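Comments concern the structure below.
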Amino acid sequence: MRKCIDLESQPGFQQIYSPVLQQAIDRGLEGHSGDPKNIDWGYNLPIPGTKPTKGGPKPKKTQKDPPKVVVKDPAKLGTGNQFWESLFDNYITQDARKVVNRFPTPIIKGVSGWDGYHQAGAGEWGTVVSSHNHEGRAFIFTHEYWHALDNIIDLASNPDSTGLHMQSSLRLVPSMEKDAKRLGLSFNEKVYYKYLEDNGINFKVDPSGNRTIRIKKGSNRQQAEEQMYPGDHWRIMEQMLRQSKKDLHKANATKDPVKMARAKKLHEDIGALYDKHIARLETIRKIKKEAAVIHRKLKQTSQPEQGYNHLFSALGDIFDALTDGRVQDWEYANEVWMSDKGVISTFGRHGSGYYNMSRQSDYGKQTSSPRNYNLDGAMRSKRAETWAEWGSMWASHDNTMQAFASKILPSIAKQFDAEMKRALTIKVIADLNKIPNASTQNAENQIDSIMANPRTIETTLITRPEDIKPDTIMYHITDSKNVGNVLKYGLTTKNKAVNSRLMGQMGSGYRKATKIFAWSDFNSAQRYAARSHWDKDVTIIAFKSGNQTWVKDELEKFEQTAFKTPRKKKGSKPAHIPPKNITGYRKIDKGDTLNVMLRGDAQARGGGLFTRQVNEGKIPHWKNVKSRTTF
Amino acid sequence: MDEELQPVFEAVARHREKFGVYPEFDGLFPKISLIDHYVYEIDKAIRMNKPLSMIEKRPSEFNKSDVFID
């Protein structure tokens, strides 16, 4: 038997870190001289074929509930949300709770592990999904809730709200632009996109590789960006600089003064843009270095569950937004992403393509599509995340990171403070729903709420055209594709498919409407949509009737509240509801179908909706779907 | 921050060495309390011989621009 020396006691052995050597030792020097079976390793050999595991065991999640505390202005989020209220009571400021309490509550769903997102279009006031068992859950819930407030504040307080989502953060945009320009984080990139439009670009990313970046001449900004994978924006910048230099040499060779001057100007402009990109890297590095000092102090002075150690990344993400996510492209192209030479990837950031119109992923053709297809979409992501990240800092008990951020980004700080003060004083016109948590609400609650609706809703239905006043709210159903046109031009008889009753009856395509169809009662419109268009993507539009006249829609025999505009007389103007009369819109979803089912079910149980208790048998319900009882 | 992220840097480098591409994470990144999680997920992907892309794994509704992740 071969004798082994004791390596661990040899000088310098403890300093050796070699996964390859460790693997070789663990596998018993397989393939080396000598049979490992004959070596005394001092322990049982691992089973052949197993691979070394790194990274340790799966991270554990916390299950501990936040402590019960007595605070001023405790958070009020409605029945079933006590856990989330407790998080707010523990980890956000009194002012922040006051803001939360002034507005309706979105649907809140708890999930296991680190996860969180906000979906503005799911539910009347949107949906917040947030981790309930991760140590940073207070941070993530606050962040998601401030996304929800971005959505809700405007919807619940603006009487002229068009029903568009995420409108509160719009007011942050001028301050974002001001700070970004002052710091050199944002600048005019016209020369970049003009070059692509005029010349296109075609080059191999790596001379030895197979990948070619190809953007066709004539591509506008959106068309160019949607061809870019992570890193390509910067690769193109570098290629543009190289190419413009070559073009300058070519122009100089022609001795044509016009061509020479033009090529020189272009090369200088591209060079200046290149320099601005490099300069902003340095700016972010400096800010990051200062923020890291605060971060280290916060880590020492705070408890993990407070989530203060995430404020560093929250600040970094604001810089990612202010730079359109393009610093990440520089990192990808220079192969320093998530390394010690990284800039924004080691500060805080969202995924590639989150803040611009480029592709989101290097993987898979199906998931590599862009998130945003226009600049408005990209800007929405930028302002929404800036709002939510700043909200996390603003709501935090520890003010040091926010104070630092305010010094660097004073305009955003001032505007955000103004927005929060406004939120504390603005008149809220929506009902404070404080709806039960989606996971705890059951179908019985839902049907009870329908049963509890005052009967007057039904008795005051408008069934005669002469009772429709200019302020009467009416409802129209249309193909969701038409919403843009409707918001722009109002309800007209010219738009295809605004005639909801005939929608989709013509097989391929929709036919032009000659009248506008509408309901004076929300439930009737909802019932119509759920019954006749359950398989289509349709939107309900609420509008004030204004001066438009109406006649009964006799074809809708069972709907007493169905109306249509009268036949157009020769020489008279066609029916029209102007855009200013449109008070809101949203997509018809499962919540509508559920409400129709619940109402129908209640009626089917005899005597109907308003007279009998419904507490026997099964009641229609869908998991995590809340019945939509109102518009 | 960089010193805390060192294990992630190493894990990312291992991923690049194995697959030639970066691992992709969703939402706000990096989160300090998730360092163990990042390393675990990257090494799991290496063991399973499949590059890590949380963007690819996520539900399609996340690709809509009215969804704000983390």
### Message
Just to check your reading of the model, which residue among A:Leu164, A:Leu185, A:Leu172 is closer than 18 Å to A:His277 by Cα and not acidic (Asp, Glu)?
### Response
A:Leu185
### Message
Name the residue that is nearest to A:Gly353 (Cα to Cα), counting only residues in the range B:33-70 that are in contact with a Ser or Thr (Cβ under 7 Å, 6 or more places away or on another chain) and surrounded by 22 or more Cβ atoms within 10 Å (Cβ to Cβ).
### Response
B:Ile55
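Here is a yes/no grid of residues against (1) more than 7 Å from every other protein chain (Cβ to nearest Cβ); (2) part of a loop (DSSP other than H, G, I, E, B):
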residue	(1), (2)
B:Asp26	no, yes
B:Ser33	no, no
B:Tyr38	yes, no
B:Glu41	yes, no
B:Ala45	yes, no
B:Asn49	yes, yes
B:Ile55	no, no
B:Glu61	yes, no
B:Phe68	no, no
### Query
Among the strands (runs of 3 or more DSSP E) confined wholly to the range A:514-625, which include 3 or more residues that are modelled with pLDDT under 75?
none
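Within 13 Å of chain B (Cβ to nearest Cβ), hydroxyl-bearing (Ser, Thr, Tyr) and in contact with a helix residue (DSSP H, G or I) (Cβ under 7 Å, 6 or more places away or on another chain), is that true of A:Ser175? Step through it out loud before you land on a result.
Details: within 13 Å of chain B (Cβ to nearest Cβ): no; hydroxyl-bearing (Ser, Thr, Tyr): yes; in contact with a helix residue (DSSP H, G or I) (Cβ under 7 Å, 6 or more places away or on another chain): yes.
No: the conditions fail for A:Ser175.
Listed here are the residues, each with its yes/no results for (1) within 18 Å of A:Lys288 (Cβ to Cβ); (2) crowded, with 23+ Cβ neighbours inside 10 Å.
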| residue | (1), (2) |
| --- | --- |
| A:Phe312 | yes, yes |
| A:Glu331 | yes, yes |
| A:Asp362 | no, no |
| A:Ala378 | no, yes |
| A:Ala384 | no, yes |
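For the range A:341-348, indicate whether the set of residues that are outside any loop (DSSP other than H, G, I, E, B), in contact (Cβ under 8 Å) with a residue 12 or more places away in the chain and facing chain B (nearest Cβ under 10 Å) is non-empty. Break it down into steps so the answer makes sense when it comes.
Of all residues in the range A:341-348, those outside any loop (DSSP other than H, G, I, E, B) come to none.
No: the range A:341-348 contains no residue that is outside any loop (DSSP other than H, G, I, E, B), in contact (Cβ under 8 Å) with a residue 12 or more places away in the chain and facing chain B (nearest Cβ under 10 Å).
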### Query
Restricting the search to the range A:271-295, which residues are without any contact (Cβ under 8 Å) to a residue 60 or more places away in the chain and within 27 Å of B:Ile32 (Cα to Cα)?
A:Glu282, A:Arg285, A:Lys286, A:Lys288, A:Lys289, A:Ala292, A:Val293
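When you go through A:Ala156, A:Ala96 one by one, which is the residue that is in contact with a helix residue (DSSP H, G or I) (Cβ under 7 Å, 6 or more places away or on another chain), within 19 Å of A:Leu424 (Cβ to Cβ) and not in a loop (DSSP other than H, G, I, E, B)? Write out each step before concluding.
Values: A:Ala156 fails: in contact with a helix residue (DSSP H, G or I) (Cβ under 7 Å, 6 or more places away or on another chain).
A:Ala96 is the lone residue from the list that is in contact with a helix residue (DSSP H, G or I) (Cβ under 7 Å, 6 or more places away or on another chain), within 19 Å of A:Leu424 (Cβ to Cβ) and not in a loop (DSSP other than H, G, I, E, B).
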### Task
Scan the range A:367-386 residue by residue and report those that are within 13 Å of the chain's Cα centre (by Cα) and either more than 14 Å from every other protein chain (Cβ to nearest Cβ) or part of a loop (DSSP other than H, G, I, E, B) (or both).
A:Arg371, A:Asn372
### Task
Could you please give the count of residues in the range A:387-411 that are within 17 Å of A:Ala291 (Cα to Cα) and assigned to a helix (DSSP H, G or I)?
15
### One residue from A:Thr301, A:Thr323 being in contact (Cβ under 8 Å) with a residue 60 or more places away in the chain, more than 10 Å from every other protein chain (Cβ to nearest Cβ), β-branched (Val, Ile, Thr) and surrounded by 22 or more Cβ atoms within 10 Å (Cβ to Cβ)
A:Thr323
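The values are calculated or read from the model by the stated rules, or taken from the named source; none is laboratory data. In this text, all values refer to a predicted model and were calculated from it rather than measured experimentally. In this analysis, Cβ positions are derived from the backbone assuming ideal geometry, glycine residues included, and neighbour counts consider all displayed protein chains.
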